[in-house]
1. For the stretch 384-532, what is the charge dipole size about the Cα centre, in debye to the nearest 20, if Lys and Arg each add +1 at the Cβ and Asp and Glu each add -1 at the Cβ?
2. With unit charges on the beta carbons (Lys and Arg positive, Asp and Glu negative) and the dipole taken about the Cα centre of the stretch 381-482, which residue among Ala391, Ala432, His410 sits farthest to the positive side?
3. Using only Cα atoms, locate the centre of the stretch 511-545 and the centre of the stretch 125-178, then give the distance between them in Å, rounded to an integer.
4. Taking neighbour Cβ counts within 10 Å as the exposure measure, how do His459, His528 sort from fewest upward?
5. What list do you get for Arg406, Arg489 if you sort them by fewest beta carbons within 10 Å?
6. Would you mind getting me the FRET efficiency between Asn478 and Arg532? Use the beta-carbon distance for r and R0 = 25 Å, nearest 0.05.
7. Return the percentage of antiparallel bridges among DSSP beta bridges fully within the stretch 250-348, rounded to the nearest 5 %.
8. Among the GluC sites (Glu not before Pro) in the stretch 463-516, which ones are in a DSSP loop with at most 10 other Cβ atoms within 10 Å of the Cβ? Mind listing them?
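All of the numbers you see were taken from the coordinates with simple rules; none came from a lab. Source: prediction; values computed, not measured. Backbone-built Cβ (ideal geometry, glycine too); neighbour counts: all protein chains shown.
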Amino acid sequence: MPVLSYPTPAVYIPAPSSRGSLCYAWFCLSTPSRETPARKMKRSNRMVVAKTALLVSILFIALQSFRTIDRLSILQNATSSITQKVQANVTADSTASINLGMPRPVQQSIPSSPPPLPLPYTASHTASSSCEDKYGLAYLYDTASTGRLYCDVKSGSQLSCFHNNMGGRIDTFCIASVMTLPTEADKFELDCKVRDWNSDDLAGSPSIENFREEWYYTGLGWIFRNHILISNDHTQQVDAIGAGEHTSGPSHTVLIKREGDTNIWHTLLEIFSYTMSMDILQLSTNPQNGVSLFTEADVNNTQIIIIDDKPEGPYYELWQILARRPIQRLSQIKNKKPLQLKNVVIPLPGATNPMWQDHWTSVDCTASQTISVFIDRIYEKLSISQKRDPAAPLVVTFINRKASRRIKDHEKLFSDLMSTFPNVQINVVDFASIKFRAQVALVQKTDVLVGVTGAGLTHALFLQPRSCLVEILPQEINLRAFRNVAKLRDLGYFSVHATQEQTQENSGNDWHYNDINIEDEKFKMVLHVAIRSMYNKGVLEMDVA
């Protein structure tokens, strides 16, 4: 039996005039010539082999584009059939191996990636490592890398905890698998035999007894000590499983103990920390199955359980950013049928948020991917577009406080401002009188946001980049939180101090309750600078003088 010898087919693009062209090769093999019958027989055999090789090459190339096993099998069978026919047609006296004499195709491949950029472009232009550690993706990745299992593998439940070390303090959050709430029980139960704390991989990780408590009765430590019972008893889990609630319950449950319900700064930092906890879980995999501990697909089947009994407050719906099942209260589900929860997250509390850590310190961090994603999520949740006409007239919005830290004679100050800048839209708004969505929509269209130091300036987070914030601080108060917000959101920032006037009895001269008296000239100077700094924002073109 003769041995077929031909080059391995290669994917290439022949030149139109090349003799390696498939069409040209086929034409040449079909051209008749004058010769003796014996030579004609040999030439015929060679032509059959050559044409067959050509067909095999074409089929081989086609094989590369087929994705399913069925199609691949069909083509392989066709190739085998053609080869068998060729072998049957070759004459018995052809004992030498046949070399088609065809040139081997030249391999021509398209690069999988473009050549690298010139070196100056590849130089690092990112923020400093300290800024990345607090406000960049490093915060998420570094925390995700600390995940440790706290329960023995033979336990009925498992507890995985994550930590970050910021400013010398260790902040922790955890996710528990299989947690139960028995009938008439005051606490959730976790069937966990805690691991030997001398294990090498647990070095540096806080024990459950050392989980931190935070202010306003929040934090992982407070929740574990008051709402979670750790034991090594399967009894309650069996009762819960028998109730059948685990089969239709949420894929993830998030336990939340809030600091309060009305302060926007406190609340947004709590929600921000909770969403980053869920993002960290997306970067972490279950060691038993290699699947992420939380995915985008889980968002629709995740539920918040509020532990406290405070009113909902104006920002309640934001807790559903990454948990779209209806929010429940612990008081609503206690003392009913037993529950078994699949995955329970006790997230980072608001007090651990990096923005709290720099509350009194100026930072030189000029961007934050984590903050940008958080603000985008809020805009999406509220169904507010972030687009704005770059040619829109300038808008100044003053947050007019009604209860405390009021600016004396603010009506006259802003009336004079309107006379000086007749082409600027000036809004004087009591934010407490409008809903949160309306507040965000108004700030999104604002170029200059003005207010006295306080939680209301948290709205600066919703200003468009290259807008600006004017902060009027009580004398001797040097809070840096909103200055840092401005830098992290690419905003201009202008500050001025004003004297305090004690106007409320029994306030103890606390700046939180005192009113503000600012001189006319100071007010004019800071507002004139801020407004004129916007004269060439977007496509606007105005001279400052």
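1. 760
2. Checked the options; the winner is Ala432.
3. 42
4. His528, His459
5. On the way: Arg406 16, Arg489 23.
Ranking Arg406, Arg489 by Cβ neighbours within 10 Å, fewest first, gives Arg406, Arg489.
6. After rounding to 0.05, the efficiency reads 0.45.
7. Here the share of antiparallel DSSP bridges comes out near 10 percent.
8. Counting only loop positions with at most 10 other Cβ atoms within 10 Å, the GluC sites (Glu not before Pro) in the stretch 463-516 are Glu476, Glu505.
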